[in-house]
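Okay, so here's the structure we're looking at.
The values are calculated or read from the model by the stated rules, or taken from the named source; none is laboratory data. Since this is a predicted model, take the numbers as computed values, not measurements. When we count neighbours, we look across all protein chains shown, and the Cβ atoms used for this are built from the backbone with ideal geometry, even at glycine. When the accessible area is computed, the model is the full protein with side chains, heavy atoms only, and any ligands, DNA or RNA have been set aside. Shrake-Rupley method; radii C 1.70, N 1.55, O 1.52, S 1.80 Å.
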Amino acid sequence: MQYSSLKWPCRIGVISDTHIGDVWGGDTLIAALQKEQFHDVDLILHAGDMVDPEILSLFTTCPVLAVNGNMDPVASGLPMRRVIATGPFRLGLIHGWGSPRGLEQRLLREFATENIDCLVYGHSHIPDCRRQDGRLLFNPGSPTDRRGAPFHSVGLLEVNDTIQGRIIALD
């Protein structure tokens with residue numbers, strides 16, 4: 001488990017499941033996201049399945065924190081999960097595994113002792129932004145592979161007196 005701290009209040013861009021096998025295949029996508037959807041964020045979270053971890057080097061406008069996904073090389077050196085503290089809030093970042101059915105409950109168990117306020121995850125490619133038991137569950141979907149979702153997407157978290165999430169449709 002890795003722990004990180006972030007200034008507060010803040011805006012956080014969230015991306016997952018980019019599935020880009022060649023870093024140069026993602027340069028146009030990442031450049032567009034930084035210019036449009038993530039132009040004023042303080043941090044970007046990548047919830048795994050980059051496929052080529054070098055894709056993270058294309059984010060140049062702010063820091064990026066990422067976790068390994070089930071399609072990422074274990075040798076990437078990225079943690080499987082991490083906790084990010086910002087002000088009074090704690091965000092858990094993880095990718096996910098297995099069936100989309102029951103995914104959130106499996107992932108919440110991974111953070112059972114961490115007392116997180118927000119679970120940021122990927123894997124299903126289905127965007128999700130909802131509260132459960134006072135905790136925000138947030139999956140940005142995928143900007144490259146919808147897998148049944150109605151649109152390609154990324155997400156934005158705004159952290160001030162509360163944590164608010166927003167799914168951003170790309171098409």
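Tabulated results
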{"read-out": "Single unsatisfied condition, GLY148 versus (1) touching a residue at least 12 places away in the same chain (Cβ under 8 Å); (2) part of a strand (DSSP E or B)", "value": "(2)"}
{"read-out": "Of all residues making up the stretch 104-141, the number that are open to solvent by 40 Å² or more (accessible area, probe 1.4 Å) and assigned to a loop (DSSP other than H, G, I, E, B)", "value": "7"}
{"read-out": "Wholly within the stretch 1-73, strands (runs of 3 or more DSSP E) carrying at least 2 residues that are out of contact with any Cys (no Cβ under 9 Å at 6 or more places or on another chain) and among the aliphatic types (A, V, I, L, M)", "value": "10-15, 64-66"}
{"read-out": "Cβ pairs under 7 Å, 6+ apart, first in the stretch 43-72 and on the phi < 0 side of the Ramachandran plot and at pLDDT below 95, second among the acidic types (Asp, Glu) and open to solvent by 30 Å² or more (accessible area, probe 1.4 Å)", "value": "ASP52/ASP22; LEU58/ASP27; CYS62/ASP42"}
{"read-out": "Unique match (being surrounded by 18 or more Cβ atoms within 10 Å (Cβ to Cβ), among the aliphatic types (A, V, I, L, M), under 17 Å from HIS125 (Cβ atoms) and touching a residue at least 12 places away in the same chain (Cβ under 8 Å)) among ILE30, ILE84, ILE94", "value": "ILE94"}
{"read-out": "Identity of the residue in the stretch 73-99, of a type outside the set (A, V, I, L, M, F, W, C) and closer than 15 Å to TRP8 by Cβ, that ends up modelled with the highest pLDDT", "value": "ARG90"}
{"read-out": "Selection count where residues are buried (at least 21 other Cβ atoms within 10 Å of the Cβ) and out of contact with any Asp or Glu (no Cβ under 8 Å at 6 or more places or on another chain), scope the stretch 42-58", "value": "5"}
{"read-out": "Matching residues in the stretch 11-27 - criterion: being under 17 Å from the mean Cα position of the chain (by Cα) and either of a type in the set (Asp, Glu) or surrounded by fewer than 17 Cβ atoms within 10 Å (Cβ to Cβ) (or both)", "value": "ARG11, ASP17"}
